[in-house]
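K.L.:
Below you will find the structure I want to go over with you.
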Amino acid sequence: PAPPTGATPQSAAAPPARPEVAKASPPPPPEKAPAEAEEPADLEESLEEVDFFIQQSLFDEAAESLEALAARYPGHPGIRERQEKLRSSQEGAPAAAPETGSFDLAAELEREVSSEPAALALDDEFQYSVEDVFSEFKKGVAKVVEKEDSATHFDLGIAYKEMGLLDDAISEFSVAAADAGRRPTALTMVGLCLLEKNQYSDAINRFKDALHSPGIAEDQATAVYFEMAQAYELLKDKGEALFYFNKVSKRDPKFRDVTERIQKLVQSGAVSRPEAEEPRTPPEPKGAKPPVPPGGRKISYM
């Protein structure tokens, strides 16, 4: 039957409800990276040595050290920073003139090391010590390398220093110091060797010799002042250490960690001597004194 007049017809069927889509849960917040552990002391010292090599234009030594450090600490920002610094320094450095007839130290060392075990195996009744091997090697080098070949003597000094043969390194650097162009760097390396031998007063005197070398560059002098400051710190002379750290800061406020070193000394109560005042002479060490480089002398003033 027809719906009564005025009745409202039934509405059309409602559309089917949309299936509810499960909302994706928000991703968990990223875990906070653990605080970086303090850098090992040997890494910090190695990076400082790289800084010194770059400062003194010893690019090959800096590259070798960085290569070894990158293998031990891959991706370390301090290593990457110094790799960039090394590349920039090499691009701005003048090309080195090729040397003719120079002694190939690397080849000699490789030949010595590779041939020695076979030679020693021939006679089980007679054994060589490491000192004997190096003694014979040095005798061979002395026959081949001329005294005037300062570059090779300097490279020998670097090699001996890395092997811990500090007295031999000092001897080679001292010979290299006879070359006026290499004298500031060679004397600085002598000072660094003496620091490793805990002969701080003699190290300071060698650093002073380096500073008084004709033609020393400004950046070289800054590096030497920093090493002198560290030597005075080792001598427990905080005032003199602060004096030389301040000299470094005036030249280059961003040089290594000089700002932190100054703050630490000031907080410990150290007071720097005035510029016009004569520097304190470091106490003479006990025992035998190291050889004075050719043409060099001890200087107890700045």
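K.L.:
Mind listing whichever residues of the stretch 168-180 are in a helix (DSSP H, G or I) and in contact (Cβ under 8 Å) with a residue 60 or more places away in the chain?
P.N.:
Residues of the stretch 168-180 in a helix (DSSP H, G or I): 168-176.
If the condition is that a residue be in a helix (DSSP H, G or I) and in contact (Cβ under 8 Å) with a residue 60 or more places away in the chain, then I170, S171, F173, S174, V175 are the ones that fit.
K.L.:
Only one of E148, E136 is in a loop (DSSP other than H, G, I, E, B) and modelled with pLDDT under 90; which? I'd like the intermediate steps shown before the answer.
P.N.:
On the way: E136 fails: in a loop (DSSP other than H, G, I, E, B).
Residue meeting the stated conditions: E148.
K.L.:
Looking at (1) out of contact with any helix residue (DSSP H, G or I) (no Cβ under 8 Å at 6 or more places or on another chain); (2) modelled with pLDDT of 75 or more, which one does S89 not meet, given that it meets all the others?
P.N.:
In the conditions (1) out of contact with any helix residue (DSSP H, G or I) (no Cβ under 8 Å at 6 or more places or on another chain); (2) modelled with pLDDT of 75 or more, S89 misses (1) alone.
K.L.:
Also, I was wondering about something else. Go through the residues of the stretch 202-223 one by one and say whether even a single one is free of Cβ contacts under 8 Å to residues at least 12 places away in the same chain and over 21 Å from K85 (Cα atoms).
P.N.:
No: the stretch 202-223 contains no residue that is free of Cβ contacts under 8 Å to residues at least 12 places away in the same chain and over 21 Å from K85 (Cα atoms).
K.L.:
Here is a further query. Can you pull out every residue in the stretch 194-230 that is surrounded by 17 or more Cβ atoms within 10 Å (Cβ to Cβ) and outside any helix (DSSP H, G or I)?
P.N.:
Within the stretch 194-230, Q199, S213, I216 qualify.
K.L.:
Follow-up. Out of the residues in the stretch 257-280 that are at pLDDT 90 or above and acidic (D, E), which is least open to solvent (accessible area, probe 1.4 Å)?
P.N.:
D257
K.L.:
On to the next question. Condition first: hydrophobic (A, V, I, L, M, F, W, C) and crowded, with 24+ Cβ neighbours inside 10 Å. Now tell me which residues in the stretch 181-192 satisfy that. Write out each step before concluding.
P.N.:
Taking the stretch 181-192 first, the residues hydrophobic (A, V, I, L, M, F, W, C) are 186-187, 189-190, 192.
If the condition is that a residue be hydrophobic (A, V, I, L, M, F, W, C) and crowded, with 24+ Cβ neighbours inside 10 Å, then A186, L187, M189, V190 are the ones that fit.
K.L.:
Can you tell me which of A217, A203 is of a type outside the set (D, E, K, R) and at pLDDT 95 or above? Steps first, answer last, please.
P.N.:
Values: A217 fails: at pLDDT 95 or above.
So the residue among A217, A203 that is of a type outside the set (D, E, K, R) and at pLDDT 95 or above is A203.
K.L.:
Additional query: Return the pairs, sorted by first residue and then second, in which the second residue is open to solvent by less than 10 Å² (accessible area, probe 1.4 Å) and β-branched (V, I, T), the first residue lies in the stretch 53-79 and is more than 20 Å from A186 (Cβ to Cβ), the beta carbons are less than 8 Å apart, and the residues are 6+ apart or on different chains.
P.N.:
Correct list of pairs: L66/V50; L66/I79; L69/V50; L69/I79; A70/I79; Y73/I79.
K.L.:
Of all the residues that make up the stretch 141-160, how many are without any contact (Cβ under 8 Å) to a residue 40 or more places away in the chain and either among the aliphatic types (A, V, I, L, M) or open to solvent by 30 Å² or more (accessible area, probe 1.4 Å) (or both)? Don't jump to the end; show me each part of the working.
P.N.:
Taking the stretch 141-160 first, the residues without any contact (Cβ under 8 Å) to a residue 40 or more places away in the chain are 141-143, 146-148, 150, 153-154, 157, 160.
With either among the aliphatic types (A, V, I, L, M) or open to solvent by 30 Å² or more (accessible area, probe 1.4 Å) (or both) added as a condition, the list becomes 141-143, 146-148.
Matching residues across the stretch 141-160 total 6.
K.L.:
Now, a different point. Collect the residues in the stretch 235-268 that are aliphatic (A, V, I, L, M) and in contact (Cβ under 8 Å) with a residue 40 or more places away in the chain, keeping them in residue-number order. Reasoning before the result, please.
P.N.:
The initial filter retains those residues of the stretch 235-268 that are aliphatic (A, V, I, L, M), namely 235, 241-242, 248, 258, 262, 265-266.
Scanning the stretch 235-268 gives a single hit, L235.
K.L.:
Looking at K236, K254, which one is open to solvent by 50 Å² or more (accessible area, probe 1.4 Å) and more than 22 Å from E49 (Cβ to Cβ)?
P.N.:
Numbers: K254 fails: more than 22 Å from E49 (Cβ to Cβ).
It is K236.
K.L.:
Now, a different point. For P285, are the conditions met, namely being open to solvent by 20 Å² or more (accessible area, probe 1.4 Å) and at pLDDT below 85? First the steps, then the outcome.
P.N.:
Working: open to solvent by 20 Å² or more (accessible area, probe 1.4 Å): yes; at pLDDT below 85: yes.
Taking the combined requirement at face value, the residue satisfies it.
The values are calculated or read from the model by the stated rules, or taken from the named source; none is laboratory data. Model, not experiment: these values are computed from the prediction. A quick note on method: Cβ atoms are made from the backbone with ideal geometry, for glycine too, and the neighbour counts reach across all protein chains shown. SASA here: full protein model, heavy atoms, side chains in, ligands and nucleic acids out. Shrake-Rupley method; radii C 1.70, N 1.55, O 1.52, S 1.80 Å.
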